[in-house]
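Visitor: After the structure tokens below, expect a handful of questions from me.
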Amino acid sequence: DQPSSEILDHFPNIAATCKVFGIDITKDPIPVVPAAHYMCGGVKTGLDAQTNVPGLFACGEVAYTGLHGANRLASNSLLEGLVFAHRAVSSALEYSAAFEKDTVARAWDSAMDVPLLSVSTSTVGEDFQALLYEKKLEVQNVMWQNVGIVRTVA
């Protein structure tokens, strides 16, 4: 039928992806859940992208720079992101210049199960990649459960 073919012609990639999950976009509603982009702007920074955690710098949607005032956390401008990304890199380079690479690697080794010193600079071991993936999922889960759009405290 005409409307179905028009939908499929206009949205072939969406139709193919939905089909994998048993959804016919010409007949079935596409399930939609909120995206995580609204989780923006919670990390307070100084003018050089520094946070209150030594060695941690933040910019872009994760940062709350205060430049645009209150209630503008999720509306960081592209220019602000660009400026603070540059400041974050500059600040991080200056901060890290005070440390020897082996010092950082030893600190990592004492905190993690997989030694950084044993990981080649040209290739990352599968165990290390698996550990990072696992940690990423843990952080995503914590953020989804505790830092979403529905909050009980302002």
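Visitor: Check the stretch 121-139 and report whether any residue there is open to solvent by 50 Å² or more (accessible area, probe 1.4 Å), modelled with pLDDT under 60 and among the small types (Gly, Ala, Ser).
Guide: So far as the stretch 121-139 goes, yes, one or more of its residues are open to solvent by 50 Å² or more (accessible area, probe 1.4 Å), modelled with pLDDT under 60 and among the small types (Gly, Ala, Ser).
Visitor: Further question on the same structure: Does LEU73 meet the test of being assigned to a loop (DSSP other than H, G, I, E, B), within 17 Å of the chain's Cα centre (by Cα) and either modelled with pLDDT of 60 or more or under 21 Å from VAL53 (Cα atoms) (or both)?
Guide: It is true that LEU73 is assigned to a loop (DSSP other than H, G, I, E, B), within 17 Å of the chain's Cα centre (by Cα) and either modelled with pLDDT of 60 or more or under 21 Å from VAL53 (Cα atoms) (or both).
Visitor: Under 6 Å between Cβ atoms, at least 6 apart or on separate chains: pull out the pairs that start in the stretch 46-62 with a residue that is touching a residue at least 12 places away in the same chain (Cβ under 8 Å) and end on any residue that is among the basic types (Lys, Arg).
Guide: The qualifying pairs are ASP48/ARG87; ALA49/ARG87.
Visitor: When you go through ALA107, ALA98 one by one, which is the residue that is modelled with pLDDT under 70, among the aliphatic types (A, V, I, L, M) and open to solvent by 40 Å² or more (accessible area, probe 1.4 Å)?
Guide: Only one candidate qualifies: ALA107.
Visitor: Right, next: Keeping to the stretch 1-56, report how many residues are more than 30 Å from GLU80 (Cα to Cα), in a helix (DSSP H, G or I) and either within 19 Å of the chain's Cα centre (by Cα) or at pLDDT 85 or above (or both).
Guide: 16
The values are calculated or read from the model by the stated rules, or taken from the named source; none is laboratory data. Just so we're clear, the structure is a prediction, and the values are computed from it rather than from any experiment. Every residue, glycine among them, receives a Cβ derived from its backbone with ideal geometry; neighbour counts consider all protein chains shown. The accessibility values were calculated without ligands, DNA or RNA, using every heavy atom of the protein model including side chains. Shrake-Rupley method; radii C 1.70, N 1.55, O 1.52, S 1.80 Å.
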